[in-house]
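A.B. asks: Can you keep this structure in mind? I'll have questions shortly.
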Amino acid sequence: ADVQTIARFVRALAEYERLAHEAVGTEPDFHAAIFGTPQRAGCLVAEMDGEPAAIALYHWTFSTFLAKPGRWLEDLWVEPQFRRRGIAKALFARLAADTLAEGGGRLAWNVLDWNTPAIATYDAMGAQALKEWITRRLSGDALRSLAVEAA
């Protein structure tokens, strides 16, 4: 039942981030990733007053330096009417607790450089900005082109 909410919140986040054209995942895609075998992602859904208020969609990572698993927070979205009530911090706290319970050593995520309200929240939690690291990505045609070389 949460898949519809998850898909809707991911689309809302994509619009907020000015990336709606990249949000092509469907409800069946999210269902397969979160509830399928193998499970590729997890998602926390926060409710307030019986209404869906926020999501934290994550997947698992591994740190070779720590030799421990971790979690990558892919998407965090709090509906505008529920912001500034501690929901984001509560989701982060739960992710941190779950990461540690699984023997993990790291919780990481990206934030757009113009999203100053989120950055302020993360700074207040004690998150470190890794300014010396540059995220790189292969997708679409570039990913397919490189994959051909493996064949």
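The values are calculated or read from the model by the stated rules, or taken from the named source; none is laboratory data. Note that the structure is predicted; figures quoted are calculated from it, not measured. All Cβ positions, even for glycine, are placed from backbone atoms using ideal geometry, and neighbour counts span all protein chains on display. Surface areas here come from the heavy atoms of the whole protein model, side chains and all, with no ligands, DNA or RNA. Shrake-Rupley method; radii C 1.70, N 1.55, O 1.52, S 1.80 Å.
A.B. asks: Among the candidates Glu149, Glu74, single out the residue that is acidic (Asp, Glu), open to solvent by 90 Å² or more (accessible area, probe 1.4 Å) and closer than 28 Å to Val3 by Cβ.
C.D. replies: So the residue among Glu149, Glu74 that is acidic (Asp, Glu), open to solvent by 90 Å² or more (accessible area, probe 1.4 Å) and closer than 28 Å to Val3 by Cβ is Glu74.
A.B. asks: Still on this structure, I have one more. Restricted to segment 45-71, and to residues that are under 11 Å from the mean Cα position of the chain (by Cα) and surrounded by fewer than 18 Cβ atoms within 10 Å (Cβ to Cβ), which residue is farthest from Gln4 (Cα to Cα)?
C.D. replies: Ranking the candidates gives Trp60 first.
A.B. asks: When segment 117-134 is examined, which residues are found to be polar (S, T, N, Q) and open to solvent by 90 Å² or more (accessible area, probe 1.4 Å)?
C.D. replies: Within segment 117-134, just Gln128 meets the criteria.
A.B. asks: So, of the residues in segment 77-103 that are outside any helix (DSSP H, G or I) and in contact (Cβ under 8 Å) with a residue 40 or more places away in the chain, which turns out to be farthest from Thr121 (Cα to Cα)?
C.D. replies: Glu79
A.B. asks: Which one of the conditions (1) of a type in the set (Lys, Arg); (2) open to solvent by 100 Å² or more (accessible area, probe 1.4 Å); (3) under 24 Å from Phe30 (Cβ atoms) does Arg106 fail to meet, given that it meets all the rest?
C.D. replies: All conditions pass for Arg106, except number (3).
A.B. asks: Restricting to segment 33-50, name every residue that is assigned to a strand (DSSP E or B) and either touching a residue at least 12 places away in the same chain (Cβ under 8 Å) or of a type in the set (Lys, Arg) (or both).
C.D. replies: Gly42, Cys43, Leu44, Val45, Ala46, Met48
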